[in-house]
Amino acid sequence: MQQHTLAAEILQTGVGLHTGVTTHVTIKSAAPGSGRYFVRVDLPESPIIPAQIAAVNQTVLSTQLGKGEIHIRTVEHILAALAAMGVDNARIEIDGPEVPLLDGSASVWVESILQVGLVAQSEPQKETYVILEPIWVRDEDAFVCAMPANETRFTYGIDFDLPAIGNQWYSWTMPAESNSDTSFVTEIAPARTFGLLHQIEYLQSAGLIKGGNLENALVCGPEGWLNPPLRFATEPVRHKILDLVGDLSLLEKFPQAHFLAYKASHNLHIQLAQKILNLGF
Ligand SMILES: [Zn+2]
């Protein structure tokens, strides 16, 4: 299987969920072996931040990459789209500190990738790392584990007191040749960011979710969803799979394993990825 990059550029503009800052993103093709990486084109000398675990410097409510004062927030949805659609190499130019949330899902990125298409490159893909023993991280009753499996699969469970969400599970298998995938496009990418009404005031007072609104995030209260309809009855848990795929894409190539998560967070996703890296991945 050869490496792939984009056949043409993708341009998108929008507001970041946490910073509320509008940024312009241009995703360009990149050389074989260069991987997926961000470029802060608004800063002197256009610093490069690789989309790798080593570059993660914050995981509160979104995954942030950076070094020192230079960072890029909420990278998980754009990276999930690129990785799941089989884009091995991409130069992601951005003129600000946060990736646009767009409609809160990965659909806009995925549609853009489908529109421009991919090109095969001269070098073969890295070999898939196979998980041979169970490996996990946990925090009280929340956990993420990687179980040995003969395919790459993601299963997620969430459990909320709010009856509109409640207890939900979803499972999705990544096709072996991810750039021929359509199930990601239809089953995972459309699932939008969601938030809880009773947390919004607190998050806003903490200087977060400045760019959040009822157009880009589902909001759930005790009486139900404030902005229905949902795209799927299980849209929240599918979004958690989207986040997990985006976070694990920072390993550059998905290991062969069944990833099983329960009530987890970006922080736990990244901790598991770190542990996998430490195995010698
Ligand atoms: Zn998300």
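The values are calculated or read from the model by the stated rules, or taken from the named source; none is laboratory data. What you see is a predicted model; the values in this text were computed from it and never measured. Neighbour counts run over all protein chains shown; Cβ positions are idealised from the backbone, glycine included. When the accessible area is computed, the model is the full protein with side chains, heavy atoms only, and any ligands, DNA or RNA have been set aside. Shrake-Rupley method; radii C 1.70, N 1.55, O 1.52, S 1.80 Å.
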query: Checking ASN89 against (1) on the phi > 0 side of the Ramachandran plot; (2) away from the ligand (no atom under 16 Å from the Cβ), which test does it fail?
result: (1)
- request: Return the residue satisfying two criteria in turn: it lies in segment 47-61 and is touching a residue at least 24 places away in the same chain (Cβ under 8 Å) and assigned to a loop (DSSP other than H, G, I, E, B), and of such residues it is least open to solvent (accessible area, probe 1.4 Å).
  value: ALA51
statement: Residues of segment 217-256 being more than 16 Å from the ligand (Cβ to nearest atom), open to solvent by less than 30 Å² (accessible area, probe 1.4 Å) and at negative phi, in sequence order, are GLY221, ASN227, LEU251, PHE254, PRO255
message: Condition check: touching a residue at least 24 places away in the same chain (Cβ under 8 Å), outside the structural domain of ALA206 (by TED's automatic domain parsing) and over 20 Å from ILE241 (Cα atoms). Does HIS18 satisfy that?
response: yes
message: Among the numbered criteria (1) within 16 Å of the ligand (Cβ to nearest atom); (2) modelled with pLDDT under 95, which one does SER105 miss?
response: (2)
statement: Among the residues of segment 64-86, the number that are touching a strand residue (DSSP E or B) at 6+ places or on another chain (Cβ under 7 Å), farther than 15 Å from PRO50 by Cβ and more than 15 Å from the ligand (Cβ to nearest atom) is 1
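Conditions (1) assigned to a helix (DSSP H, G or I); (2) within 16 Å of the ligand (Cβ to nearest atom); (3) more than 25 Å from GLY212 (Cα to Cα); (4) touching a Pro at 6+ places or on another chain (Cβ under 8 Å), marked per residue:
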site	(1), (2), (3), (4)
GLN3	no, no, yes, yes
LEU11	no, no, no, no
ILE27	no, no, no, no
GLU45	no, no, yes, no
task: Give the residue, chosen from LEU203, LEU214, LEU208, that is over 18 Å from the mean Cα position of the chain (by Cα), farther than 30 Å from GLN52 by Cα and either modelled with pLDDT under 95 or away from the ligand (no atom under 15 Å from the Cβ) (or both).
output: LEU214
- prompt: Does THR182 satisfy the criteria of being among the polar types (S, T, N, Q), in contact with a Phe, Trp or Tyr (Cβ under 6 Å, 6 or more places away or on another chain) and more than 17 Å from VAL60 (Cα to Cα)?
  reply: no
